[in-house]
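The block underneath contains the structure these notes are about, expressed in structure tokens.
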Amino acid sequence: MKKHLSSLLIISCFLTCPILAQVPQPNLSATVTTTKVVIKDPKLIALPNIKLVDDKKYNQKLENDKKQYQSYKNELKDEQEQLYLMLDRILRANKLQYQNWRIGIKVDTEEVNAQAGSANLILINSSLYDSLYDNKDALAFVVAHELSHLILGHSQKSYENNYKIKRLQENIEYYKEQSRIQNNNATLNSALGNSYAATGDTLMGISYSTSMAVAHSQINKLYAQERQLEYEADTEAITLMTRAGFDPQKALDAMNFLSALPNVQTASSSHPSDSDRIDNIENEIQLVDIEELGKQGKSNIYDSEVLVARKSSDKKTVILSSQKNSYKNTYIPQTKEDKLMKKAYKYYLDNDYILAKTYFIQAYAINKTKNYLAPLYLSYILEYDYKNNNQDKKSLKQAMFWIKKAKRLKPEDKFVIKQTNDLKELILSAKLAKKADLSE
Ligand SMILES: [Zn+2]
């Protein structure tokens, strides 16, 4: 009996075990027999139900949409048409037609940038647009990033942060001025030989320099929050663009272009460093299910109508009109925990228990006070590992370790109770077996 295999080794044998190729669809009632071990799955983790669209029908729909797009062609300039088509696709794929959106190019600046403005406006500066216009996927990332700021309510947060920053900066100026006056007085008094010469530089018992330091640190905190919004917008943009059928890898083209531009990073920068943003985007691309999002987007586009385009009153931007009644006016982004759980569960269903374990552990680490499903499924994996690998006790111990965590979070759950009892039984029979061994 092999007893001292490392846990990594044990699980890696799942990949090559020939029996596993024929593991039937797991279900709750499945239990162990001496000949065949089946992993448990009470199907507690929901995967989205995606309606598949027939390719032929989908292409027909796109042809019909084209005719509709043609009817707006004459009204719009070439670049306006390109942005309109792009935003129409992103909005429909993500079911965001619940309000009017505006998009346009800002021409009176050389700054390479884009903005999300009030009243649902996405503005791309001409220098950025011109640099990316022939890389439609990279441009779609820029559009999706600004759209993300709007749907995640960042404009309001950012407005408040910037207001606070401005007030704090005004305070700092005031402290500086007061400190200067008091120093002058102190110097003057000292020259006159007054005994209270050294008492200056205080405001209600706190020195001006302390007040200034506090204000500076508050400002830096607010800037850190601003940078967080950028990561959130990048993260969501990857989902939005992928659903719309754009290549998320090309987001990196946009970022690499931006990172080649001169730019100084300090504690009071409102944007994270480009290399940190690139790392975050790369992680996100790994995390999203590109195939699933693509199917979802296709189905959403198939079920929706072309958004009516018209020029804004100043002719500078294009308005994409809402289809209010058929769409909810909120967008709920998937949390990182959701994404990790789904990814873990898909690997679980594919019998890839090493990766399933990795992602369940990561998901649990994010939300240790609520997520009982990750430890429950981890205990299934380790129990399966135990039964399937010559009763290695280390796995059984680990299975117990995880079910205890699940039990702490959801003691009344029937699946948690059942799994706890199953594991207790296994431990008991392992002990009895050991006794029998010894008495021989
Ligand atoms: Zn941004």
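The values are calculated or read from the model by the stated rules, or taken from the named source; none is laboratory data. Please read these numbers as outputs of a predicted model, since none were measured by experiment. With ideal geometry, Cβ positions are generated from the backbone for all residues, glycine too; neighbour counts draw on all protein chains shown.
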Take the range 104-123 and flag every residue that is hydrophobic (A, V, I, L, M, F, W, C) and within 15 Å of the ligand (Cβ to nearest atom). Val112, Ala114, Ala116, Leu121, Ile122, Leu123
From the list Ser131, Ser158, which one is modelled with pLDDT under 90 and out of contact with any strand residue (DSSP E or B) (no Cβ under 8 Å at 6 or more places or on another chain)? Ser158
Long-range neighbours under 6 Å by Cβ, at least six apart or interchain, first residue more than 10 Å from Asn120 (Cβ to Cβ) within the range 313-324, second among the β-branched types (Val, Ile, Thr) and surrounded by 11 or more Cβ atoms within 10 Å (Cβ to Cβ): Val318/Ile103; Ser321/Val308
Provide a single number: the residues in the range 306-330 that are in a loop (DSSP other than H, G, I, E, B), at pLDDT 90 or above and surrounded by 13 or more Cβ atoms within 10 Å (Cβ to Cβ). 7
Is there any pair linking a residue in the range 229-249 that is in contact (Cβ under 8 Å) with a residue 60 or more places away in the chain and under 18 Å from Leu85 (Cα atoms) to one that is within 16 Å of the ligand (Cβ to nearest atom) and polar (S, T, N, Q), with Cβ under 6 Å and at least six apart or on different chains, and which? Ala237/Ser148
Against the condition more than 23 Å from Glu284 (Cβ to Cβ) and assigned to a helix (DSSP H, G or I), how does Glu337 come out, does it pass? no
Kindly indicate the residue of the range 86-114 that is under 21 Å from Thr242 (Cα atoms) and of a type in the set (S, T, N, Q) and also surrounded by the fewest Cβ atoms within 10 Å (Cβ to Cβ) among those meeting that condition. Gln97
Take the conditions within 16 Å of the ligand (Cβ to nearest atom), over 25 Å from Gln70 (Cβ atoms) and modelled with pLDDT of 90 or more and apply them to Leu150. Does it pass? yes
Only one residue in Ser259, Ser268 is touching an Asp or Glu at 6+ places or on another chain (Cβ under 9 Å) and either modelled with pLDDT under 90 or within 16 Å of the ligand (Cβ to nearest atom) (or both). Which one? Ser259
Which residue pairs have Cβ atoms under 6 Å apart, sit 6 or more places apart or on different chains, and have a first residue in the range 131-154 that is within 18 Å of Tyr231 (Cα to Cα) and a second that is away from the ligand (no atom under 11 Å from the Cβ) and of a type in the set (Phe, Trp, Tyr)? Ala140/Phe246; Ile151/Tyr331
Residues of the range 213-251 being more than 14 Å from the ligand (Cβ to nearest atom), charged (D, E, K, R) and at pLDDT 95 or above, in sequence order, are Arg243, Asp247, Lys250
